[in-house]
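One structure below.
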Amino acid sequence: MNNMEMNRRVWLQAAAASGLAANGLATGATSVFGQETKKTPDGAVHNIGSRRELFIDDFLIQRTSGEAEQRLHHPAPQEISLVHDAPWEGTGSGYHSVFQDGGRYRMYYKAWHLAVSKGKVDTGQHPLYCCYAESSDGIQWEKPELGLYEFQGSTKNNITLASGTLGPLKVDAGHPAVFQDENPAAADDAKYKAFVRSSGPNGLLPFKSADGLHWSPMTDAPILGGLGAFDSQNLAFWDPTLGQYRAYWRIFSEGIRGIRTATSSDFIHWGKHHDLTYVDSPPEHLYTNQIKPYYRAPHILIGFPTRYNDRGWTQSIQDLPELEHRKMRASAVQRYGNVVTEGLVMSSRDGRKFNRWNDAFLRPGPERPGTWNYGHQYIAWQLVETKSALAGAANELSLYAGESYWTGKGSALRRYTLRLDGFVSVHASMQGGELLTKPFVFEGGKLSVNFASSAAGGIRVELQRPDGSPLPGHALADADVLYGDSVDRTVSWKGSHDVQSLAGQPLQLRFELQDADLYSLQFS
């Protein structure tokens, strides 16, 4: 008798003693794990094909029961990736864009310096620049000498775009959002694109580049003028699912810092704009958005907005790190001392309505110099896949977030890591729980899951007809118990993985979980 079966018998006995219905989990009957906690039937049969599906939202969740629930996970802090301490950088450096380009990782960011003194914030020590860094592994980064722009008599720097007048344009290079264009029709001289802010008149400036280093404007006037505040990292990208470009930028709406979006076929002419809406989140200030298709499941857009909190000059504010510096910032503008920022996570399948997790995804963390201040934990746009520090372990996600903003000689960028697909899981304790998916059809011959369990816990999977009856040979009684910690484990029933004969038929999945987390699934 395995541990799961032994625990099940204990639960059945407890259920009988307490008067609960206990019909036996392998029979396809109602779970004994407890009262149903979530039910979202919509009558639809989703076609998921061979896509990877994450549990960051409830798209596939019909109900959970017992101890099963969606659980938000949090990135783990790693090393400092960059310190922005060069003379052309400084304490105001930020708004990082990060992506993998073949065997190279690229990073672009704002280079700026803010000097704080009593009653004053000095931002005029040097112009705003867009700078460039690169890495061979996404972990160790360097600032190459590009030789493109002169700073204090030398071109030995990593400046790739400078603020100033460029023909009829007034370029604010300090608000860059750079991406590699995945549009298969992108011209050779526009394989890399960027949005930068116009310093007058209001709007955004689209730029293009053949090599990601030498940039030229795509228009002779700002676009999207008058449609936003733009004093943030305003971005755009090619959406392969939509087959168009999407743009997201910052707005003020009824006094709240919010996010607006539009789509385009050419990156220059944008259609009707829409303000983002949220499933169950209250109005609150969001300073950035950091939205992009998740590369392992590009039909899902994932964003990492910055939450901007001003709770006044409280006792807790005065107990946080670097009080004297905080007082100096507040003496210039009160909110510069009061505000604390942190990172959130949200997702969408249509690009307009988002499921935003109200709990912080990236909290300010342990109190130490350079933290718990205005500008802390702005997450870079966006994440990349890197090797694990554990030899032989699966790759993981790396994301980057700023600290020491406005403090010290220069701001810094710290790397954080997260499991592949590891934003949210369906989790159950050792007491057990169940997840029932909505009906769907699939393509492929096997089912794989990204999961983690304890040595005593695990997962079993039942394939059901939409009426809840188990499919012959694929009931819980037939299911092999999955236990371990894998980003890609194939599900089996009495040793067989094959589900090819069921492809194209409406069905649903019943997961039984004990001391386990389920992050994603995929038929292939």
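For this structure, a couple of remarks:
- Axis of helix 323-332 versus longest Cα principal axis of the chain: the two differ by about 60°, to the nearest ten degrees.
- ³J(HN,Hα) computed for each position of the stretch 494-508 - Karplus, 6.51 cos²θ - 1.76 cosθ + 1.60, integer Hz, glycine/proline x: 6, x, 9, 9, 6, 10, 4, 5, 9, 4, x, 9, x, 8, 9
- The share of Cα pairs per 10 Å bin across the stretch 379-524, counted from zero up to the longest distance, runs 11, 34, 28, 16, 8, 4, 1 percent.
- Charge tally around Ile300: other residues with Cβ under 12 Å, Lys/Arg +1 each, Asp/Glu -1 each, net 0.
- Potential lengthening between Ala221 and Trp313 on full extension [0.36 nm per residue; Cα-Cα distance subtracted]: 28.9 nm
- Over 27 Å between alpha carbons, listed pairs Lys191/Lys292; Lys170/Lys208; Lys143/Lys353; Lys327/Lys409: Lys143/Lys353
- With Cα atoms, 0 to 90° folded angle of helix 3-18 axis to the chain main axis: 70 degrees
- 11 Å beta-carbon shell around Glu79, net charge (K/R +1, D/E -1): +2
- Taking a ≥ b ≥ c as the square roots of the Cα gyration tensor eigenvalues, the chain comes out prolate, since a/c reaches at least 1.5 and a/b is larger than b/c.
- Compared with the direct C-alpha span, the chain from Gln152 to Asp275 gains 40.0 nm at full extension, assuming 0.36 nm per residue.
- Note on Ala503 and Leu72: with the Förster distance fixed at 56 Å, the Cβ-Cβ geometry gives a FRET efficiency of about 0.95.
- Helical mean residue ellipticity (222 nm; -39500 (n - 2.57) per DSSP H run of 4+; nearest 500) of the chain: -2000 deg cm²/dmol
- Relative contact order of the chain: 18 percent, from C-alpha pairs under 8 Å at least 6 residues apart in sequence.
- Cα-Cα separations in the stretch 146-240 greater than 19 Å, expressed as whole percent: 43 percent
- Estimated FRET transfer efficiency when R0 is 51 angstrom, pair Lys120-Thr490 (beta carbons, to 0.05): 0.25
- Under Karplus coefficients 6.51, -1.76 and 1.60, residue-wise ³J(HN,Hα) of the stretch 204-213 in Hz, glycine/proline x: 10, 10, x, 10, 9, 7, 8, 10, x, 10
- Protection proxy ranking of 146-152, 435-441 - average other beta-carbon atoms within 10 Å, highest first: 435-441, 146-152
Taken together, the values in this text are just the output of simple stated rules run on the coordinates, not laboratory data. Note that the coordinates shown come from a computational prediction; the quantities given were computed from them, not determined experimentally. Glycine also receives a Cβ, built like all others from the backbone with ideal geometry; neighbour counts cover every protein chain displayed.
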